Amino acid sequence: MNKQNHIKCQAILLANGKFPKHPIPLKILDEKHPIICCDGSAKKLLNYGKNPAFIIGDLDSITNKMKLEFSNCLIPIKNQRENDLRKSINWIEKNGYKKITILGATGYRDDHTIGNIFSLLEFNFKIKIDLITDYGIFSTCNNYSEFKSFIGQQVSIFTTDKKLKITSSNLKYGLKNKTLDSIYAGTLNESLSEKFSIHCVGGRTLIYRCHKLS
């Protein structure tokens with residue numbers, strides 16, 4: 001596979017946490033976007049019946065047989081200061097992709113889950129990122145974003161910048177140039193419409209939306 005085939009498009013990034021079970025992330029996994037695997041997640045993708053477009057990381061969690069079979073798809077990155085998820089996001093952004101949907105980034109270890117989620121806030125990624133779990137969607141918001149929603153959807157807003165002023169529309173507990181003085185201060189909100197917006201001047205927030213209960 002030519003490593004330039006998928007430049008400047010949307011990519012799916014499969015991390016090596018719990019493989020998705022919910023219909024929403026599974027539907028995304030079945031869309032016609034290149035699937036980039038964080039190291040050992042490639043084995044899970046193969047078991048699901050799909051092949052990776054690329055495999056990124058230390059490559060210490062895949063077999064020699066897989067390394068041989070997918071030799072033209074391997075992106076070895078040995079930087080021990082970053083985990084495979086952040087290595088993969090950096091590579092994807094540098095190679096011109098415009099949006100990443102991350103799946104399989106939670107489960108197994110709570111510390112890894114927290115680290116993966118809040119990496120999206122702490123690292124200066126310019127690319128649009130959605131991290132989707134079996135329970136909801138974390139989305140990055142740089143300055144201003146509108147989000148698809150539904151009436152009654154549970155919404156939370158996270159930022160690590162206590163000086164960041166946030167304004168919202170169509171949320172039950174509206175924000176107008178509001179700062180959040182703790183990591184939990186923006187949680188437990190609720191959508192009032194089929195869409196809502198977040199405006200944060202000069203900074204970044206992380207927006208969580210729960211999946212609709214079936």
Do you know which residues across the stretch 157-171 are of a type outside the set (Asp, Glu) and either free of Cβ contacts under 8 Å to residues at least 24 places away in the same chain or not in a strand (DSSP E or B) (or both)? 159, 160, 162, 163, 164, 165, 170
Subset of the stretch 34-54 that is open to solvent by 60 Å² or more (accessible area, probe 1.4 Å) and not in a loop (DSSP other than H, G, I, E, B) - its residue that is farthest from residue 98 (Cα to Cα): 47
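Would you confirm whether any residue within the stretch 193-206 is in a loop (DSSP other than H, G, I, E, B) and open to solvent by 40 Å² or more (accessible area, probe 1.4 Å)? Full working, then the answer.
Start the filter on the stretch 193-206 by keeping residues that are in a loop (DSSP other than H, G, I, E, B), which leaves 193-194.
Okay, now just the ones that are also open to solvent by 40 Å² or more (accessible area, probe 1.4 Å), so 194.
Looking for residues that are in a loop (DSSP other than H, G, I, E, B) and open to solvent by 40 Å² or more (accessible area, probe 1.4 Å), one finds at least one in the stretch 193-206, hence yes.
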Going through the stretch 172-191 one residue at a time, which ones are of a type outside the set (S, T, N, Q), part of a loop (DSSP other than H, G, I, E, B), open to solvent by 80 Å² or more (accessible area, probe 1.4 Å) and more than 10 Å from residue 158 (Cα to Cα)? 172, 173, 176, 181, 188
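The values are calculated or read from the model by the stated rules, or taken from the named source; none is laboratory data. Keep in mind that this is a model prediction, so the values were computed, not measured. Glycine gets a Cβ as well: all are built from the backbone with ideal geometry, and neighbour counts include every protein chain shown. The protein model used for the area step is the full one, side chains on, heavy atoms only, and it has no ligands, DNA or RNA in it. Shrake-Rupley method; radii C 1.70, N 1.55, O 1.52, S 1.80 Å.
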